[in-house]
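Undergrad: Have a look at this one before I ask anything.
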Amino acid sequence: MLLFSALVAAMTCFTSHASFSSSGDPWLLTPGPITTSLTVKKAMLHDYGSRDSYFLRINRDVLNRLLAIANGIETHVAVPLQGSGTFIVEAMLHTLISERDCVLILSNGAYGQRMAKICEKIGVRYQTMAFPEDTPIQTDLLRAYLSDHPEISHVAAVYCETSTGMLNPIQEIARVVAEEKRKLLIDAMSAFGALPLDSKLTPFDAVALSSNKCLQGLPGCGFCIIRKSSMEQTKGNAKSLSLDLYDQWERMERTGQWRFTPPVQIIVALHAALEELQTEGGVTAREKRYRENSETVLQGMKQLGLKLYLSEEHQAPIIMTFLKPNHPNFDFTLFYNRLKEKGFVIYPGKLTTVESFRIGCIGDIHQHQLKCAVHAIEELFRELNINLNEELV
Ligand SMILES: *Cc1c(COP(=O)(O)O)cnc(C)c1O
(Lines give C-alpha, C1' and ligand atoms only; values in the text may rest on other atoms or scores of the structure.)
Protein backbone atom coordinates (compact mmCIF):
# COMPACT_ATOMS: atom_id res chain seq x y z
CA MET A 1 0.00 0.00 0.00
CA LEU A 2 2.77 2.35 1.01
CA LEU A 3 4.80 1.39 -2.02
CA PHE A 4 1.78 1.92 -4.23
CA SER A 5 1.10 5.43 -2.96
CA ALA A 6 4.77 6.29 -3.37
CA LEU A 7 4.56 5.07 -6.95
CA VAL A 8 1.47 7.16 -7.66
CA ALA A 9 3.16 10.21 -6.17
CA ALA A 10 6.22 9.54 -8.33
CA MET A 11 4.11 9.30 -11.48
CA THR A 12 2.07 12.45 -10.87
CA CYS A 13 5.15 14.41 -9.89
CA PHE A 14 6.85 13.31 -13.07
CA THR A 15 4.00 13.65 -15.53
CA SER A 16 2.70 17.04 -14.43
CA HIS A 17 6.19 18.51 -14.12
CA ALA A 18 5.23 19.58 -10.63
CA SER A 19 8.85 19.81 -9.67
CA PHE A 20 9.23 23.32 -11.02
CA SER A 21 6.95 26.36 -10.68
CA SER A 22 5.23 28.31 -13.48
CA SER A 23 8.37 30.37 -13.97
CA GLY A 24 10.59 27.27 -14.12
CA ASP A 25 12.08 28.03 -10.71
CA PRO A 26 12.27 25.62 -7.79
CA TRP A 27 9.41 25.83 -5.29
CA LEU A 28 10.38 27.89 -2.27
CA LEU A 29 9.55 25.99 0.91
CA THR A 30 10.91 28.83 3.02
CA PRO A 31 9.66 31.65 5.25
CA GLY A 32 10.15 34.17 2.43
CA PRO A 33 10.76 35.21 -0.22
CA ILE A 34 8.09 32.70 -1.22
CA THR A 35 6.78 31.31 -4.50
CA THR A 36 4.45 33.86 -6.12
CA SER A 37 1.77 33.27 -8.74
CA LEU A 38 2.17 34.19 -12.38
CA THR A 39 -0.52 36.89 -12.00
CA VAL A 40 1.48 38.52 -9.19
CA LYS A 41 4.67 38.41 -11.27
CA LYS A 42 2.91 39.84 -14.34
CA ALA A 43 1.55 42.78 -12.36
CA MET A 44 5.13 44.06 -12.22
CA LEU A 45 5.55 44.45 -15.97
CA HIS A 46 4.72 48.17 -16.00
CA ASP A 47 6.32 51.45 -15.05
CA TYR A 48 4.44 53.97 -12.94
CA GLY A 49 5.49 57.38 -11.71
CA SER A 50 5.11 58.11 -8.03
CA ARG A 51 2.27 60.59 -8.76
CA ASP A 52 0.54 58.34 -11.30
CA SER A 53 -3.18 58.42 -10.51
CA TYR A 54 -3.64 54.70 -11.25
CA PHE A 55 -0.82 53.83 -8.88
CA LEU A 56 -2.16 56.13 -6.14
CA ARG A 57 -5.60 54.54 -6.42
CA ILE A 58 -4.09 51.04 -6.18
CA ASN A 59 -1.97 52.17 -3.24
CA ARG A 60 -5.04 53.43 -1.38
CA ASP A 61 -6.90 50.22 -2.15
CA VAL A 62 -4.04 48.07 -0.82
CA LEU A 63 -4.08 49.99 2.47
CA ASN A 64 -7.86 49.62 2.76
CA ARG A 65 -7.73 45.89 2.06
CA LEU A 66 -5.08 45.40 4.75
CA LEU A 67 -7.25 47.29 7.23
CA ALA A 68 -10.23 45.15 6.25
CA ILE A 69 -8.26 41.95 6.87
CA ALA A 70 -7.53 43.21 10.40
CA ASN A 71 -11.15 44.40 10.82
CA GLY A 72 -9.85 47.88 11.55
CA ILE A 73 -11.34 50.14 8.86
CA GLU A 74 -12.97 52.54 11.33
CA THR A 75 -10.45 52.32 14.14
CA HIS A 76 -7.02 51.92 12.57
CA VAL A 77 -4.80 53.29 9.81
CA ALA A 78 -2.32 51.42 7.60
CA VAL A 79 1.07 52.96 6.90
CA PRO A 80 3.50 51.50 4.32
CA LEU A 81 7.28 51.60 4.43
CA GLN A 82 9.97 50.47 1.98
CA GLY A 83 12.26 47.66 3.13
CA SER A 84 12.23 44.12 4.46
CA GLY A 85 10.20 43.08 7.50
CA THR A 86 12.79 44.20 10.02
CA PHE A 87 12.52 47.79 8.74
CA ILE A 88 8.83 47.97 9.58
CA VAL A 89 9.33 46.36 13.01
CA GLU A 90 12.03 48.90 13.75
CA ALA A 91 9.83 51.74 12.47
CA MET A 92 6.95 50.50 14.65
CA LEU A 93 9.13 50.52 17.79
CA HIS A 94 10.64 53.91 16.83
CA THR A 95 7.29 55.55 16.17
CA LEU A 96 4.97 54.07 18.80
CA ILE A 97 7.20 54.26 21.86
CA SER A 98 8.07 57.65 23.33
CA GLU A 99 10.93 58.59 25.65
CA ARG A 100 8.64 58.27 28.67
CA ASP A 101 7.52 54.73 27.73
CA CYS A 102 8.98 51.31 28.40
CA VAL A 103 8.21 48.22 26.33
CA LEU A 104 8.15 44.64 27.58
CA ILE A 105 9.34 42.30 24.84
CA LEU A 106 7.99 38.77 24.99
CA SER A 107 10.55 36.50 23.44
CA ASN A 108 10.72 32.80 22.62
CA GLY A 109 12.90 32.92 19.55
CA ALA A 110 15.08 34.90 17.17
CA TYR A 111 12.44 37.46 16.16
CA GLY A 112 11.61 38.35 19.77
CA GLN A 113 15.34 38.74 20.38
CA ARG A 114 15.60 40.94 17.30
CA MET A 115 13.06 43.39 18.76
CA ALA A 116 15.19 43.65 21.90
CA LYS A 117 18.27 44.28 19.75
CA ILE A 118 16.42 47.04 17.87
CA CYS A 119 15.38 48.74 21.13
CA GLU A 120 18.96 48.53 22.36
CA LYS A 121 20.23 50.19 19.16
CA ILE A 122 17.66 52.94 18.94
CA GLY A 123 17.66 53.70 22.65
CA VAL A 124 14.07 52.73 23.40
CA ARG A 125 13.59 51.68 27.05
CA TYR A 126 12.75 47.98 27.20
CA GLN A 127 12.64 44.87 29.34
CA THR A 128 12.49 41.29 28.11
CA MET A 129 10.53 38.33 29.31
CA ALA A 130 12.15 35.28 27.75
CA PHE A 131 10.73 31.80 27.36
CA PRO A 132 12.45 28.69 25.99
CA GLU A 133 12.22 28.29 22.21
CA ASP A 134 9.88 25.31 22.49
CA THR A 135 7.47 27.02 24.90
CA PRO A 136 4.67 29.40 23.93
CA ILE A 137 4.38 32.75 25.74
CA GLN A 138 2.81 32.06 29.15
CA THR A 139 0.07 34.60 29.74
CA ASP A 140 -0.28 33.96 33.49
CA LEU A 141 3.37 34.94 33.91
CA LEU A 142 2.79 37.98 31.69
CA ARG A 143 -0.13 39.09 33.85
CA ALA A 144 1.94 38.75 37.03
CA TYR A 145 4.83 40.64 35.45
CA LEU A 146 2.62 43.52 34.38
CA SER A 147 1.06 43.93 37.80
CA ASP A 148 4.56 43.98 39.36
CA HIS A 149 5.94 46.48 36.82
CA PRO A 150 3.87 49.66 36.54
CA GLU A 151 6.65 51.27 34.45
CA ILE A 152 5.73 49.06 31.47
CA SER A 153 3.58 51.00 28.98
CA HIS A 154 3.73 48.66 25.97
CA VAL A 155 4.05 44.94 25.35
CA ALA A 156 5.59 43.61 22.12
CA ALA A 157 4.96 40.04 20.93
CA VAL A 158 5.60 37.85 17.89
CA TYR A 159 2.48 36.07 16.58
CA CYS A 160 4.16 33.20 14.73
CA GLU A 161 7.80 32.89 15.84
CA THR A 162 9.20 31.97 12.44
CA SER A 163 12.54 30.78 13.83
CA THR A 164 10.79 27.66 15.19
CA GLY A 165 7.27 27.80 13.72
CA MET A 166 5.79 28.46 17.16
CA LEU A 167 2.23 29.74 17.32
CA ASN A 168 2.02 32.17 20.23
CA PRO A 169 -1.40 32.67 21.89
CA ILE A 170 -1.80 36.20 20.56
CA GLN A 171 -5.48 36.57 21.41
CA GLU A 172 -4.85 35.63 25.04
CA ILE A 173 -1.82 37.91 25.17
CA ALA A 174 -3.96 40.77 23.81
CA ARG A 175 -6.65 40.13 26.41
CA VAL A 176 -4.18 40.23 29.29
CA VAL A 177 -2.49 43.38 27.93
CA ALA A 178 -5.86 45.11 27.53
CA GLU A 179 -7.04 44.07 31.00
CA GLU A 180 -3.79 45.38 32.46
CA LYS A 181 -4.36 48.62 30.52
CA ARG A 182 -1.16 48.51 28.45
CA LYS A 183 -0.66 48.80 24.70
CA LEU A 184 0.18 45.86 22.45
CA LEU A 185 2.55 45.85 19.47
CA ILE A 186 2.52 42.71 17.33
CA ASP A 187 5.08 41.36 14.89
CA ALA A 188 2.68 39.44 12.65
CA MET A 189 5.11 39.19 9.76
CA SER A 190 4.71 35.46 9.13
CA ALA A 191 1.06 35.25 10.23
CA PHE A 192 -0.83 38.12 8.61
CA GLY A 193 -3.05 36.88 5.80
CA ALA A 194 -3.10 33.27 6.98
CA LEU A 195 -3.85 33.35 10.70
CA PRO A 196 -6.79 35.30 12.13
CA LEU A 197 -6.00 38.77 13.48
CA ASP A 198 -9.18 40.72 14.18
CA SER A 199 -8.61 44.01 16.00
CA LYS A 200 -11.91 43.58 17.83
CA LEU A 201 -10.99 40.15 19.24
CA THR A 202 -7.26 40.77 19.55
CA PRO A 203 -7.01 44.43 20.52
CA PHE A 204 -3.71 45.95 19.43
CA ASP A 205 -2.13 49.35 19.03
CA ALA A 206 0.07 48.33 16.14
CA VAL A 207 0.77 45.34 13.94
CA ALA A 208 3.78 44.98 11.63
CA LEU A 209 3.39 42.93 8.46
CA SER A 210 5.06 42.39 5.11
CA SER A 211 4.10 42.48 1.42
CA ASN A 212 5.67 39.04 1.21
CA LYS A 213 5.09 35.88 3.29
CA CYS A 214 1.44 34.87 3.76
CA LEU A 215 0.05 37.70 1.62
CA GLN A 216 1.97 36.07 -1.24
CA GLY A 217 3.30 39.29 -2.71
CA LEU A 218 6.91 40.28 -3.35
CA PRO A 219 9.37 41.17 -0.63
CA GLY A 220 10.43 44.80 -0.24
CA CYS A 221 7.63 46.64 1.54
CA GLY A 222 6.27 46.53 5.08
CA PHE A 223 3.09 47.90 6.62
CA CYS A 224 2.11 48.94 10.09
CA ILE A 225 -1.54 48.94 11.08
CA ILE A 226 -1.90 51.48 13.87
CA ARG A 227 -4.80 52.48 16.10
CA LYS A 228 -5.93 55.95 14.97
CA SER A 229 -5.96 57.44 18.47
CA SER A 230 -2.39 56.21 19.07
CA MET A 231 -1.15 57.35 15.66
CA GLU A 232 -2.14 60.91 16.44
CA GLN A 233 -0.05 60.85 19.63
CA THR A 234 3.14 59.60 18.01
CA LYS A 235 4.29 62.85 16.44
CA GLY A 236 7.95 63.48 17.24
CA ASN A 237 8.65 60.05 18.81
CA ALA A 238 10.85 58.69 16.01
CA LYS A 239 14.48 59.74 16.03
CA SER A 240 14.88 58.58 12.45
CA LEU A 241 13.56 60.37 9.37
CA SER A 242 13.10 57.40 7.04
CA LEU A 243 11.59 55.16 9.76
CA ASP A 244 9.13 57.78 11.04
CA LEU A 245 5.71 56.26 10.42
CA TYR A 246 3.93 59.36 11.72
CA ASP A 247 5.58 61.49 9.06
CA GLN A 248 4.80 58.90 6.36
CA TRP A 249 1.16 58.69 7.49
CA GLU A 250 0.68 62.46 7.79
CA ARG A 251 2.06 63.04 4.32
CA MET A 252 -0.02 60.27 2.75
CA GLU A 253 -3.19 61.52 4.46
CA ARG A 254 -2.58 65.00 3.11
CA THR A 255 -1.42 64.22 -0.44
CA GLY A 256 -2.16 60.54 -1.08
CA GLN A 257 1.51 60.14 -1.90
CA TRP A 258 4.54 58.44 -0.41
CA ARG A 259 7.26 60.64 1.09
CA PHE A 260 10.14 58.97 -0.78
CA THR A 261 10.36 56.87 -3.98
CA PRO A 262 7.56 54.30 -3.64
CA PRO A 263 8.22 50.64 -4.54
CA VAL A 264 5.53 50.89 -7.23
CA GLN A 265 5.90 47.39 -8.70
CA ILE A 266 5.77 45.79 -5.26
CA ILE A 267 2.57 47.66 -4.43
CA VAL A 268 0.77 46.75 -7.67
CA ALA A 269 1.94 43.14 -7.32
CA LEU A 270 0.62 43.12 -3.75
CA HIS A 271 -2.68 44.44 -5.04
CA ALA A 272 -2.88 41.45 -7.40
CA ALA A 273 -1.94 39.14 -4.51
CA LEU A 274 -4.69 40.63 -2.33
CA GLU A 275 -7.19 40.02 -5.13
CA GLU A 276 -6.05 36.41 -5.16
CA LEU A 277 -6.44 36.17 -1.41
CA GLN A 278 -10.03 37.36 -1.74
CA THR A 279 -10.74 34.94 -4.61
CA GLU A 280 -9.29 32.08 -2.58
CA GLY A 281 -11.82 32.82 0.18
CA GLY A 282 -9.86 35.15 2.46
CA VAL A 283 -7.78 34.37 5.51
CA THR A 284 -9.89 31.34 6.53
CA ALA A 285 -9.40 29.58 3.20
CA ARG A 286 -5.71 30.41 3.13
CA GLU A 287 -5.22 29.06 6.63
CA LYS A 288 -7.00 25.87 5.58
CA ARG A 289 -4.71 25.39 2.58
CA TYR A 290 -1.60 26.05 4.66
CA ARG A 291 -2.85 23.55 7.25
CA GLU A 292 -3.26 20.91 4.54
CA ASN A 293 0.20 21.79 3.24
CA SER A 294 1.83 21.47 6.65
CA GLU A 295 -0.05 18.26 7.46
CA THR A 296 1.25 16.71 4.21
CA VAL A 297 4.83 17.64 5.08
CA LEU A 298 4.53 16.57 8.71
CA GLN A 299 3.08 13.14 7.93
CA GLY A 300 5.63 12.59 5.16
CA MET A 301 8.58 13.54 7.36
CA LYS A 302 7.31 11.40 10.22
CA GLN A 303 7.19 8.39 7.90
CA LEU A 304 10.81 9.00 7.02
CA GLY A 305 11.67 9.02 10.72
CA LEU A 306 12.29 12.79 11.05
CA LYS A 307 11.29 14.54 14.25
CA LEU A 308 9.37 17.79 14.55
CA TYR A 309 11.09 20.18 16.98
CA LEU A 310 7.93 21.61 18.57
CA SER A 311 5.16 19.57 20.06
CA GLU A 312 2.39 19.48 17.43
CA GLU A 313 -0.11 21.50 19.48
CA HIS A 314 2.22 24.54 19.38
CA GLN A 315 2.98 24.29 15.68
CA ALA A 316 1.71 27.05 13.36
CA PRO A 317 0.80 25.97 9.81
CA ILE A 318 3.49 28.29 8.40
CA ILE A 319 6.91 26.72 8.74
CA MET A 320 8.12 23.60 10.53
CA THR A 321 11.43 22.87 12.21
CA PHE A 322 12.78 19.34 11.99
CA LEU A 323 15.71 18.07 14.01
CA LYS A 324 18.79 17.25 11.98
CA PRO A 325 18.77 13.47 11.62
CA ASN A 326 21.50 11.72 13.50
CA HIS A 327 22.89 9.84 10.50
CA PRO A 328 26.44 9.99 9.12
CA ASN A 329 25.20 10.48 5.52
CA PHE A 330 23.10 13.54 6.36
CA ASP A 331 24.85 16.78 5.54
CA PHE A 332 22.57 19.82 5.34
CA THR A 333 24.39 21.60 2.49
CA LEU A 334 24.46 18.47 0.36
CA PHE A 335 20.82 17.72 1.21
CA TYR A 336 19.84 21.30 0.36
CA ASN A 337 21.68 21.33 -2.98
CA ARG A 338 20.38 17.94 -4.11
CA LEU A 339 16.83 18.82 -3.13
CA LYS A 340 17.08 22.09 -5.04
CA GLU A 341 18.05 20.11 -8.15
CA LYS A 342 14.82 18.19 -7.63
CA GLY A 343 12.88 21.45 -7.58
CA PHE A 344 12.50 22.34 -3.89
CA VAL A 345 14.29 24.91 -1.77
CA ILE A 346 14.22 24.43 2.00
CA TYR A 347 15.69 26.53 4.79
CA PRO A 348 18.38 26.13 7.43
CA GLY A 349 17.38 25.99 11.08
CA LYS A 350 17.58 28.94 13.45
CA LEU A 351 17.58 27.22 16.83
CA THR A 352 20.18 28.34 19.31
CA THR A 353 20.59 24.95 20.97
CA VAL A 354 20.23 22.06 18.50
CA GLU A 355 20.88 21.53 14.79
CA SER A 356 17.79 21.60 12.61
CA PHE A 357 16.33 22.56 9.25
CA ARG A 358 13.02 24.13 8.27
CA ILE A 359 10.34 23.46 5.67
CA GLY A 360 7.88 26.23 4.88
CA CYS A 361 4.29 25.68 3.76
CA ILE A 362 3.41 29.22 2.63
CA GLY A 363 3.26 30.90 -0.79
CA ASP A 364 1.52 29.92 -3.99
CA ILE A 365 1.99 26.22 -3.27
CA HIS A 366 -0.61 23.54 -2.86
CA GLN A 367 -0.84 20.05 -1.45
CA HIS A 368 0.18 18.53 -4.77
CA GLN A 369 3.56 20.28 -4.72
CA LEU A 370 4.13 19.30 -1.11
CA LYS A 371 3.35 15.68 -1.88
CA CYS A 372 5.98 15.91 -4.58
CA ALA A 373 8.38 17.55 -2.14
CA VAL A 374 7.89 14.70 0.32
CA HIS A 375 8.42 12.25 -2.51
CA ALA A 376 11.61 14.05 -3.57
CA ILE A 377 12.96 13.91 -0.01
CA GLU A 378 12.11 10.20 0.17
CA GLU A 379 13.96 9.63 -3.08
CA LEU A 380 16.93 11.66 -1.88
CA PHE A 381 17.13 9.68 1.36
CA ARG A 382 17.28 6.51 -0.74
CA GLU A 383 20.00 7.96 -2.96
CA LEU A 384 22.02 9.01 0.09
CA ASN A 385 21.46 5.66 1.82
CA ILE A 386 19.72 7.24 4.76
CA ASN A 387 17.18 5.03 6.46
CA LEU A 388 16.14 6.48 9.79
CA ASN A 389 13.61 3.71 10.42
CA GLU A 390 16.24 0.95 10.20
CA GLU A 391 16.04 -0.02 13.85
CA LEU A 392 12.26 -0.17 13.64
CA VAL A 393 12.11 -2.64 10.75
C1 LIG B 1 10.33 37.48 8.26
C2 LIG B 1 10.11 37.99 9.60
C3 LIG B 1 10.58 39.26 10.00
C4 LIG B 1 11.34 40.17 9.08
O5 LIG B 1 12.47 39.62 8.55
P6 LIG B 1 13.16 40.28 7.26
O7 LIG B 1 14.25 39.32 6.96
O8 LIG B 1 13.66 41.61 7.66
O9 LIG B 1 12.11 40.37 6.20
C10 LIG B 1 10.27 39.71 11.26
N11 LIG B 1 9.57 38.95 12.10
C12 LIG B 1 9.10 37.73 11.78
C13 LIG B 1 8.29 36.97 12.77
C14 LIG B 1 9.37 37.21 10.52
O15 LIG B 1 8.90 36.01 10.17
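The values are calculated or read from the model by the stated rules, or taken from the named source; none is laboratory data. This is a predicted model, so every value here is computed, not measured. Using ideal geometry, Cβ is built from the backbone for each residue, glycine included, and neighbour counts are taken over all protein chains shown. To get the accessible areas, we keep the full protein, side chains included, count just its heavy atoms, and leave off ligands, DNA and RNA. Shrake-Rupley method; radii C 1.70, N 1.55, O 1.52, S 1.80 Å.
Undergrad: Given the condition within 16 Å of the ligand (Cβ to nearest atom) and either modelled with pLDDT under 95 or among the acidic types (Asp, Glu) (or both), answer yes or no: does some residue in segment 86-99 qualify?
TA: yes
Undergrad: Then there is this: Considering only residues that are crowded, with 20+ Cβ neighbours inside 10 Å and either in contact with a helix residue (DSSP H, G or I) (Cβ under 8 Å, 6 or more places away or on another chain) or among the polar types (S, T, N, Q) (or both), which ones fall in segment 98-110? I'd like the intermediate steps shown before the answer.
TA: As a first pass, look at segment 98-110 and keep what is crowded, with 20+ Cβ neighbours inside 10 Å: 103-109.
Passing the criteria: 103, 104, 105, 106, 107, 108.
Undergrad: Given 191, 178, which one is of a type outside the set (Ser, Thr, Tyr) and either crowded, with 24+ Cβ neighbours inside 10 Å or touching a helix residue (DSSP H, G or I) at 6+ places or on another chain (Cβ under 8 Å) (or both)?
TA: Checking each option against the conditions leaves just 191.
Undergrad: Could you list all residues from segment 350-393 that are under 18 Å from the mean Cα position of the chain (by Cα) and open to solvent by 30 Å² or more (accessible area, probe 1.4 Å)? Walk me through how you get there before you give the answer.
TA: As a first pass, look at segment 350-393 and keep what is under 18 Å from the mean Cα position of the chain (by Cα): 350-351, 357-366.
Answer for segment 350-393, where residues must be under 18 Å from the mean Cα position of the chain (by Cα) and open to solvent by 30 Å² or more (accessible area, probe 1.4 Å): 350, 364, 366.
Undergrad: For segment 69-96, enumerate the residues that are in contact (Cβ under 8 Å) with a residue 60 or more places away in the chain, out of contact with any Cys (no Cβ under 8 Å at 6 or more places or on another chain) and not in a helix (DSSP H, G or I).
TA: Within segment 69-96, 70, 71, 72, 75, 76, 77, 84 qualify.
Undergrad: What tally of residues in segment 149-184 results from selecting those that are outside any loop (DSSP other than H, G, I, E, B), more than 12 Å from the ligand (Cβ to nearest atom) and touching a residue at least 40 places away in the same chain (Cβ under 8 Å)?
TA: Number satisfying all stated conditions: 4.
Undergrad: Now for a different question. Going through 246, 290 one at a time, which residue ends up being among the aromatic types (Phe, Trp, Tyr) and over 16 Å from residue 88 (Cα atoms)? Outline the logic, then answer.
TA: Details: 246 fails: over 16 Å from residue 88 (Cα atoms).
Result: 290 is the single residue among 246, 290 that is among the aromatic types (Phe, Trp, Tyr) and over 16 Å from residue 88 (Cα atoms).
Undergrad: So, of the residues in segment 200-221 that are more than 11 Å from the chain's Cα centre (by Cα), more than 12 Å from the ligand (Cβ to nearest atom) and not aliphatic (A, V, I, L, M), which turns out to be nearest to residue 243 (Cα to Cα)?
TA: Going through the qualifying residues, I end up with 205.
Undergrad: Could you tell me whether segment 222-232 includes any residue that is open to solvent by less than 10 Å² (accessible area, probe 1.4 Å), among the hydrophobic types (A, V, I, L, M, F, W, C) and within 12 Å of the ligand (Cβ to nearest atom)?
TA: no
Undergrad: Can you name the condition, by its number, that residue 146 falls short on among (1) part of a helix (DSSP H, G or I); (2) open to solvent by 20 Å² or more (accessible area, probe 1.4 Å); (3) touching a residue at least 24 places away in the same chain (Cβ under 8 Å); (4) not β-branched (Val, Ile, Thr)?
TA: Condition not satisfied by residue 146: (2).
Undergrad: Condition first: assigned to a loop (DSSP other than H, G, I, E, B), among the β-branched types (Val, Ile, Thr), modelled with pLDDT of 95 or more and under 16 Å from residue 109 (Cα atoms). Now tell me which residues in segment 316-358 satisfy that.
TA: Residue satisfying the conditions is 318 alone.
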